[in-house]
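Structure, as structure tokens:
The values are calculated or read from the model by the stated rules, or taken from the named source; none is laboratory data. Keep in mind the model is a prediction, meaning the values are calculated, not measured. Cβ coordinates were reconstructed from backbone atoms using ideal geometry, including for glycine residues, and neighbour counts include every protein chain displayed. For accessibility, only protein heavy atoms count, side chains too; no ligands or nucleic acids. Shrake-Rupley method; radii C 1.70, N 1.55, O 1.52, S 1.80 Å.
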Amino acid sequence: MEHPENNPEFAGLTVNSGVGPVSIVNPYLKRGRYARHHFTANDYVEGILRGDVSVLGQAVTLVESTNPAHQLVAQEVIEKCLPYSGKSVRIGISGVPGAGKSTSIDEFGIHVLREYGGRLAVLAIDPSSERTKGSILGDKTRMEKLSVHPDSFIRPSPSAGSLGGVARKTRETIILCEAAGFDKIFVETVGVGQSETACHSMVDFFLLIQLAGTGDELQGIKRGIMEMADGIIINKCDGNNVDKCQLAATQFRNALHLFPMPESGWLPQVLTYSGFYGYGIKEVWDMIYKYFDFVKKNGYFEYRRNEQAKYWMYESINEQLRNSFFQNPTISDMLHAAEQSVLAGQKTSFVAAKQLLDAYFALLH
Ligand code: GDP
């Protein structure tokens with residue numbers, strides 16, 4: 001008997017035979033998941049060239065991975081995407097925390113997509129931040145409008161690591177985004193320290209967001225950062241802050257006149273705007289596109305990209321040499337002892353360094 005409960009001893013109880021298990025709602029789900037682990041470099045490249053953001057996202061994860069097997073595939077993907085990259089405008093956006101970067105980028109992105117069309121990728125370089133620890137959600141909520149825009153791709157900074165490593169990954173991600181048809185790239189960076197230099201070395205226009213209202217606007221802004229800027233924009237020019245912002249703008253303009261003329265031949269502009277209320281955003285972008293016209297005509301656009309390519313070649317060599325040295329097991333065993341001898345005054349730093357390097361070079365033979 002099919003069901004023991006239907007036995008006469010359980011009279012009054014009838015169990016009907018049931019229905020079979022329901023079929024899986026999405027028959028492709030399992031296959032898709034399985035397939036993802038078997039993506040070859042060519043699968044990634046194909047997906048990227050098709051403009052598929054889901055494949056692009058997975059490829060970026062691969063670029064960010066420290067697993068050597070992932071890195072091998074990532075490098076192949078990057079190399080194959082390289083011929084399709086480069087056709088974009090890359091804009092670095094920097095400012096101290098609280099300057100209004102997220103609010104502004106959200107508005108800027110919407111403005112640029114509406115006025116100029118195309119697709120926009122927003123990337124970041126932030127080697128220090130807690131925010132970067134996989135908090136995509138954090139970045140999505142920071143840029144509410146852009147995050148739901150069909151033509152945008154937002155990616156937080158690669159997770160904390162050496163600045164060189166984080167910056168290289170962002171630069172490689174730019175290549176993938178461009179190959180996927182993103183013709184506008186924003187690279188956001190927190191305006192505290194070395195990240196600006198890294199950001200500056202991968203963008204065509206470096207935009208510095210500043211605030212007014214402290215009375216000593218120019219203090220605390222490193223001269224180097226101001227010198228890198230192709231445009232300085234003073235945010236929060238709204239409410240009763242307007243006069244202060246205009247005063248700050250005048251101070252910045254005066255300060256910029258004291259610097260030598262930049263290589264581009266373009267005198268950096270200073271504008272005021274309000275990211276929150278949307279005042280002055282059009283003027284900011286008219287200025288940036290005027291810059292692109294200017295440097296594309298005078299050849300500086302191409303020149304700057306070539307210089308950057310050279311810079312990244314050397315950076316890449318430096319980074320890999322350093323990694324090869326420090327990740328060598330013999331060397332890392334010797335490092336601690338050498339450090340102790342230096343601290344104990346038994347060896348000078350130079351002798352210790354030389355012995356370590358000699359040992360390293362001997363290992364290579
Ligand atoms: P971030 O740290 O540079 O990304 O800055 P946020 O975009 O998170 O902005 C920091 C704070 O400044 C938030 O409370 C914003 O609402 C505020 N804020 C941003 N832009 C403006 C603006 O144009 N005007 C005013 N009044 N406040 C703003």
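What FRET efficiency, computed as 1/(1 + (r/R0)^6) with R0 = 30 Å and r the Cβ-Cβ distance, is obtained for PHE276 and ALA255, rounded to the nearest 0.05? Don't skip to the answer; put the middle values down first.
On the way: r = 26 Å, r/R0 = 0.86.
Efficiency at R0 = 30 Å is approximately 0.70.
In Å², what does the accessible area per residue of the chain work out to with a 1.4 Å probe?
Numbers: 20010 Å² over 365 residues.
Result: 55 Å² per residue.
Which is farthest toward the positive dipole end of the chain among TYR44, LEU256, THR61, measuring Cα position about the Cα centre, with Cβ charges +1 (Lys, Arg) and -1 (Asp, Glu)?
Sorting the options by dipole projection puts first LEU256.
Quick one: grab the alpha carbon gyration tensor of the chain, order the square roots of its eigenvalues as a ≥ b ≥ c, and give me rounded if a/c is under 1.5, else prolate or oblate depending on whether a/b is larger than b/c. Write out the running numbers ahead of the final one.
On the way: a/c = 2.10, a/b = 1.32, b/c = 1.59.
It comes out oblate by the Cα gyration axes.
For GLU263 paired with HIS70, estimate the spin-label separation in nm (one decimal), with each label point 7 Å from Cα along the Cα-to-Cβ line.
Result for the modelled spin labels: 3.5 nm.
What area, in nm² and to one decimal, does the C-alpha convex hull of segment 37-84 cast on average over all directions? Each step should come with its number before you reach the end.
Values: hull surface 11.9 nm².
Dividing the Cα hull surface by four gives the mean projection, 3.0 nm².
Rounded to the nearest 5, what % of DSSP beta bridges with both residues in segment 86-312 are antiparallel? Each step should come with its number before you reach the end.
Numbers: 1 of 29 bridges.
DSSP beta bridges in segment 86-312 are roughly 5 percent antiparallel.
Let me spell out the model: positive unit charges on the Cβ of Lys and Arg, negative unit charges on the Cβ of Asp and Glu, origin at the Cα centre of the chain. What dipole size does that give, in debye rounded to 20? Working shown, then result.
Numbers: 36 positive and 40 negative charges, 108 e Å.
Computed about the Cα centre, the dipole is about 520 debye.
Quick one: which residues, 5+ away or cross-chain, put their amide H under 5 Å from the amide H of GLN210? H built at 1.01 Å from N.
Amide H neighbours of GLN210: ILE233, ILE234, ASN235.
For LEU13 and PHE325, calculate 0.36 nm times their separation in residues minus their Cα-Cα distance, and state this gained length in nm to one decimal. Working shown, then result.
Values: separation 312, 0.36 × 312 = 112.32 nm, distance 7.77 nm.
Extending this stretch completely gives an extra 104.6 nm.
Given a 1.4 angstrom probe, I'd like the percentage of the accessible area of the chain that is carbon and sulfur, rounded to a whole number.
Numbers: 11420 of 20010 Å².
Roughly 57 percent of what the probe reaches on the chain is carbon or sulfur.
Per DSSP H run of n ≥ 4, the term is -39500 (n - 2.57); total these for the chain, divide by its residue number, and report the mean residue ellipticity at 222 nm rounded to 500 deg cm²/dmol. Don't skip to the end; give the middle numbers.
Values: 15 runs with 191 residues, N = 365.
Mean residue ellipticity at 222 nm (helix-derived): -16500 deg cm²/dmol.
Skipping prolines and chain starts, which residues have an amide H placed within reach, meaning under 5 Å, of the one on PHE153, given they are 5 or more residues away or on another chain?
Under 5 Å from the amide H of PHE153: LEU120, ALA121, VAL122.
If amide hydrogens are placed 1.01 Å from N in the peptide plane, which non-local residues have theirs closer than 5 Å to the one on GLU188?
Here the answer is ILE93, LEU123, ALA124, ILE125, since their amide H atoms fall under 5 Å of that of GLU188.
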